[in-house]
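Notes follow the structure.
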Amino acid sequence: MNKNVLNTDLTGKVAVVTGAGGVLCSGFAKTLARAGAKVALLDLNEEAAKGYADEITAEGGVAKAYACNVLNKEICYNVADEVLKDFGPCDILVNGAGGNNPKATTDKEYFEIGDIDADTKSFFDLDADGVGFVFNLNFLGTLIPTQAFARQMVGRDGCNILNISSMNAYTPLTKIPAYSGAKAAISNFTQWLAVHFSKVGIRVNAIAPGFFSTKQNAKLLFNDDGTPTARTGKILAATPMGRFGESEELEGGLLFLVNNEAAGFITGVVLPIDGGFSAYSGV
């Protein structure tokens, strides 16, 4: 397999990635495999995860896909037992599962007089179940897999948990209050968990990706003719580097934070990988 950008050597390590059926998290799985780790790809969509696992094995890596609902504690514990049997105890957990829900999203950026009676979904129309789903998927979908796999890490030096935060954790984006709040919770939980596990050999950090163009969000970012949407224009204007990130540009942050020689004294950190978005005031 190709060498990684930092020459991080994870030979003999077992890495677990949730949400690995998606574009970004499958990239995390490939990065870890190329560094020498045996990788378990977990996703609700086992077929999607299997496709990426097959790509890893075709490159000469070691990987296996597992069907997993990160909101179901029993399932997570059962999958953890399967991974333990197949590969050994987990050394690295990447909590990548997460997402949003249209029922927890407003149609407009700003509330205006008359919106209550208008044919638009405003703050007052947000669905409690939809909001709850977003909080559960992002927060409990990180907490529960951590409960399942961190049990295998306790007392073993050099273990790592990496959570996925967001730019929304720094400053909430318009329209998506539930997702923004849930990702802020992830950053807070990362710090809490880092302190909680500091005496038992487990480091806990997070990365906060900026804006990346993928097949999954292309329709939200670009019009049918390929021109950027108005929202895309705002994102790029607020990103000093003036472009979207490439998924490969998350690789260095991931490999640095799980590298115990390079980052062994780093825990409780949320690393923005955002082209300067979180640093820019707009003026």
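Would you say L173 is of a type outside the set (G, A, S) and within 21 Å of G242 (Cα to Cα)?
Yes, satisfied.
Scan the range 65-100 for residues that are hydroxyl-bearing (S, T, Y) and either modelled with pLDDT under 95 or part of a strand (DSSP E or B) (or both) and jot them down.
Result: Y66, single match.
So the check is Cβ under 6 Å with 6+ separation or different chains; which pairs have a first residue in the range 17-32 that's within 22 Å of P89 (Cβ to Cβ) and a second one that's at pLDDT below 95?
T31/E251
Go through (1) at pLDDT 95 or above; (2) surrounded by fewer than 20 Cβ atoms within 10 Å (Cβ to Cβ); (3) closer than 17 Å to N100 by Cα one by one and return the number of the condition Q147 breaks.
(3)
To keep it simple, each residue is scored yes or no on (1) free of Cβ contacts under 8 Å to residues at least 40 places away in the same chain; (2) closer than 30 Å to H196 by Cβ; (3) in contact with an Asp or Glu (Cβ under 9 Å, 6 or more places away or on another chain); (4) in a strand (DSSP E or B).
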position: Y110; (1), (2), (3), (4): no, no, no, no
position: I113; (1), (2), (3), (4): yes, no, no, no
position: T120; (1), (2), (3), (4): yes, no, yes, no
position: D129; (1), (2), (3), (4): yes, no, no, no
position: V134; (1), (2), (3), (4): no, yes, no, no
position: F139; (1), (2), (3), (4): no, yes, no, no
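Would you list the helices (runs of 4 or more DSSP H) that sit entirely within the range 212-279 and hold 3 or more residues that are farther than 25 Å from T31 by Cβ?
The qualifying helices (runs of 4 or more DSSP H) are 230-237.
Take the residues in the range 150-182 that are in a helix (DSSP H, G or I) and in contact with a strand residue (DSSP E or B) (Cβ under 8 Å, 6 or more places away or on another chain); name whichever of them is surrounded by the fewest Cβ atoms within 10 Å (Cβ to Cβ).
Among residues in the range 150-182 that are in a helix (DSSP H, G or I) and in contact with a strand residue (DSSP E or B) (Cβ under 8 Å, 6 or more places away or on another chain), the one surrounded by the fewest Cβ atoms within 10 Å (Cβ to Cβ) is A150.
The values are calculated or read from the model by the stated rules, or taken from the named source; none is laboratory data. Predicted model, so just to flag it, every value in this text is computed and none were measured. Every residue, glycine as well, gets a Cβ built from its backbone with ideal geometry; the counts of neighbours run over all protein chains shown.
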